[in-house]
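Take a look at the structure set out below.
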Amino acid sequence: MPFHFPLDSQPTHYRHELLQAGLDLLDQGLTVIDGNLHIVAWNKAFLRLLDFPEDMAFVGATFESFMRYNAERGEYGPGDVEELVAQRMRLARRFTPHYTERDRPGGQILAVRGEPLPHNGFVTLYTDITASRRYEQKIQQQNAELENRVTERTNELQASNRRLIIADGANQRITQALRRSEENLRLITDTVPALIGYFDHQEIYSYVNKGYADWFGCAKEEVLGRSIRDVVGDEVYTDIAHHVHVALQGQRVSYEYAMRQPGGRVVYARSELVPELDAQGRVAGCFVLSVNITDLKNAQAALVHAQKMEAVGQLTGGLAHDFNNLLTVVIGNLVTLHERYPDDPDIGEYVVPALKASRRGASLIKRLLTFARKQPLAPRSVNIADLVDETLILLKRTLPAHITVTATPMDEPLHAMTDAQQLENALLNLALNARDAMPDGGQLTIGATCVQLSQAQVADFDVAPGCYVAVSVCDTGIGMDAATQARASEPFFTTKRFGSGSGLGLSMVYGFAKQSGGGIRIQSALGEGCVVTLVLPCTGDNRAAESLLGTQQRLGRPVAERPLVLLVEDDPDVRRVIRLQLVGLGYPVIEADHAADALLLLASVPTVGILISDLVMPGGMDGRALCFEASLRASHVKALLISGYSDGDAVSAAAAADLPLLKKPFSAIQLQHALDGLLA
């Protein structure tokens with residue numbers, strides 16, 4: 001009658017075959033190279049993924065033969081074949097851990113990870129990371145083949161058992177050889193960067209490799225003989241129990257799950273359960289093959305967040321121009337009305353609040369543009385210690401007495417390349433958020449230090465590796481849960497009661513950090529306060545750095561005579577407001593609503609002295625092109641660009657044409673200063 005040994009009591013060659021079969025079923029390719037750089041073990045996925053002929057792989061084949069095969073078919077690019085092979089052999093002889101990603105012909109991407117073995121040699125894992133979909137398709141294609149292979153192998157091993165019992169002397173020698181082979185294979189499986197295990201039909205573990213035990217924070221011996229629920233915990237078992245039950249019914253399953261480690265970090269794994277059938281076709285247990293996908297999940301989450309922020313930023317930048325034009329009309333007309341009736345109390349009662357609200361709207365647009373990274377910055381080398389000290393003085397005067405404000409001492413001078421005013425605003429926003437999180441009082445601490453972010457650390461801030469100044473604002477407030485942290489940087493998202501905040505504080509800090517070439521990280525938990533860390537590119541000192549956007553043009557002396565102004569603006573309401581401002585300043589004005597009419601007026605009215613043009617206009621010729629054409633036809637005419645766009649593109653366009661730019665909405669005084677600078 002057919003029978004089935006428990007895994008611990010079965011002959012060693014049986015366990016050897018099971019482990020080898022499990023490795024052959026990995027989607028990852030596997031090779032084991034000894035200290036003399038000869039291949040001693042491999043699996044079928046290795047040959048398939050790297051497109052090697054099967055006859056190349058045999059025990060004792062040289063590692064160099066595979067390198068030469070790749071070099072001759074152009075896998076390593078152009079160059080001398082011998083030199084390409086020699087380079088890789090030199091690296092292999094170091095026997096050090098290594099990881100690389102290779103682009104293969106046809107668009108396939110392979111991740112190659114190698115780990116050294118105790119006495120030289122190394123085990124290498126080859127993973128196809130082209131797409132998750134392709135990964136799933138390959139798993140489905142192997143279902144039927146796997147079931148047949150396990151059944152056939154089980155029958156073969158049972159027949160071998162009977163033969164070994166008859167030939168006792170031969171059995172002793174074979175058993176010893178298999179024991180040595182099992183020890184080597186166990187060493188290999190413990191080194192492979194994958195989680196491998198086996199549990200029986202009662203959900204009791206009878207084998208795990210070191211990676212599997214480490215994943216659950218146990219030693220291998222502590223896992224064996226225990227149930228799945230006991231090892232993984234109730235929370236994880238609730239998530240995976242359905243998949244376990246399906247696998248024990250004889251169906252191969254794949255799934256992903258999340259697990260919270262003792263320190264609070266959430267990790268993710270992708271697992272596959274492969275049923276093992278006995279001679280009667282009943283499920284004896286399941287192989288567990290798992291891969292740590294935490295880094296992949298974190299990268300996907302960061303990408304989704306960045307795409308969402310970019311989409312909101314693009315929408316904000318696009319709307320800013322229209323809002324600034326509207327505010328130009330509103331503010332301009334309100335100012336004119338107030339100036340015409342300065343002594344009328346009824347007019348003042350309605351106009352003054354409307355003006356204040358309109359200017360708050362203009363300030364709101366500027367903050368939105370800061371979030372969208374479209375607000376021009378004036379970066380320079382800033383002494384962070386001095387700026388923190390100045391901010392500290394302001395905060396002590398601003399925050400209530402029951403909040404203690406301190407700064408962490410800085411052991412060395414710190415200079416960052418940033419816009420000092422925007423950084424001060426960012427710290428003020430963070431401090432006000434901290435104040436609202438400590439209604440009953442608490443401790444607010446501002447600190448700064450120089451950090452060297454490595455490749456492994458930059459994911460927290462979404463920046464490139466390098467030297468940064470890290471400025472942190474720490475409070476002892478109520479903290480945030482994970483859901484709130486995930487949305488904290490979104491514009492208009494706020495946990496404050498209605499009317500108590502715009503929800504732009506953290507989003508403005510986020511936009512300022514990204515535009516400055518840095519990043520932001522929020523660390524918080526409910527009841528444990530919050531730490532917001534801002535990293536900015538560090539620099540030498542403020543004597544060597546200059547502003548990236550140039551210095552402001554100094555104002556000249558007011559001109560005695562006002563030259564004729566040609567005003568070109570396609571929006572009639574905006575054009576009317578600016579014309580009234582110019583007339584009020586004493587400038588005669590003629591108007592045009594597009595570039596073609598403006599050029600005709602320039603040709604027919606030679607007394608035009610100043611050209612004021614909107615940057616963006618219909619008709620195929622924008623303001624920059626108009627000013628250039630005007631300089632060719634009338635070189636004496638001074639040009640000034642105006643724009644509702646406050647982004648870097650508008651500034652760059654004006655700078656490229658060597659033209660001053662005045663951003664909407666602007667007051668008559670700001671217009672006067674711009675014209676004075678133009679004529680100085």
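The values are calculated or read from the model by the stated rules, or taken from the named source; none is laboratory data. Since the structure is predicted, the reported quantities are computational estimates derived from the model, not experimental observations. Using ideal geometry, Cβ is built from the backbone for each residue, glycine included, and neighbour counts are taken over all protein chains shown.
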Legend entry - Members of segment 432-462 found to be among the hydroxyl-bearing types (Ser, Thr, Tyr) and either at pLDDT 90 or above or in a strand (DSSP E or B) (or both), listed by number: 445, 449
Inset, instruction - Might you check whether a residue that is surrounded by fewer than 15 Cβ atoms within 10 Å (Cβ to Cβ) and at pLDDT below 85 occurs anywhere in segment 87-98? - result: no
Legend entry - Test for residue 102: is it among the basic types (Lys, Arg), surrounded by 14 or more Cβ atoms within 10 Å (Cβ to Cβ), closer than 30 Å to residue 148 by Cβ and outside the structural domain of residue 254 (by TED's automatic domain parsing): no
Legend entry - Test for residue 573: is it in a helix (DSSP H, G or I) and at pLDDT below 85: yes
Inset, instruction - For segment 598-639, name all the residues that are in contact (Cβ under 8 Å) with a residue 12 or more places away in the chain, in a helix (DSSP H, G or I) and not hydrophobic (A, V, I, L, M, F, W, C). - result: 623, 624, 629, 633
Legend entry - Members of segment 260-276 that are surrounded by fewer than 17 Cβ atoms within 10 Å (Cβ to Cβ) and farther than 20 Å from residue 301 by Cβ: 262
Legend entry - Filter result for the condition that a residue is buried (at least 19 other Cβ atoms within 10 Å of the Cβ) and farther than 16 Å from residue 449 by Cβ, over 420, 416: 420
Inset, instruction - Scan segment 353-394 residue by residue and report those that are at pLDDT below 80, crowded, with 18+ Cβ neighbours inside 10 Å and more than 30 Å from residue 333 (Cβ to Cβ). - result: 373, 377, 379
Legend entry - Residue satisfying condition, being touching a Gly at 6+ places or on another chain (Cβ under 9 Å), of a type in the set (Phe, Trp, Tyr) and assigned by TED's automatic domain parsing to the domain that holds residue 121, within set 66, 58, 46: 46
Inset, instruction - Pull up segment 380-406, narrow it to residues that are touching a residue at least 60 places away in the same chain (Cβ under 8 Å) and small (Gly, Ala, Ser), then point me to the one that is farthest from residue 475 (Cα to Cα). - result: 381
Inset, instruction - Six or more apart or on different chains, Cβ under 7 Å: which pairs go from a residue in segment 198-210 that's on the phi > 0 side of the Ramachandran plot to one that's surrounded by 18 or more Cβ atoms within 10 Å (Cβ to Cβ)? Could you list them? - result: 203/228; 203/244
Inset, instruction - Please identify the pairs in which a residue from segment 663-674 that is free of Cβ contacts under 8 Å to residues at least 24 places away in the same chain has its Cβ atom under 7 Å from the Cβ atom of a residue that is crowded, with 16+ Cβ neighbours inside 10 Å, counting only partners at least 6 apart or on another chain. - result: 670/662
Inset, instruction - Take residue 428 and decide whether it is surrounded by fewer than 20 Cβ atoms within 10 Å (Cβ to Cβ) and modelled with pLDDT of 75 or more. - result: yes
Inset, instruction - Kindly list the number of the only condition in (1) assigned to a helix (DSSP H, G or I); (2) modelled with pLDDT under 80; (3) under 35 Å from the mean Cα position of the chain (by Cα) that fails for residue 350. - result: (3)
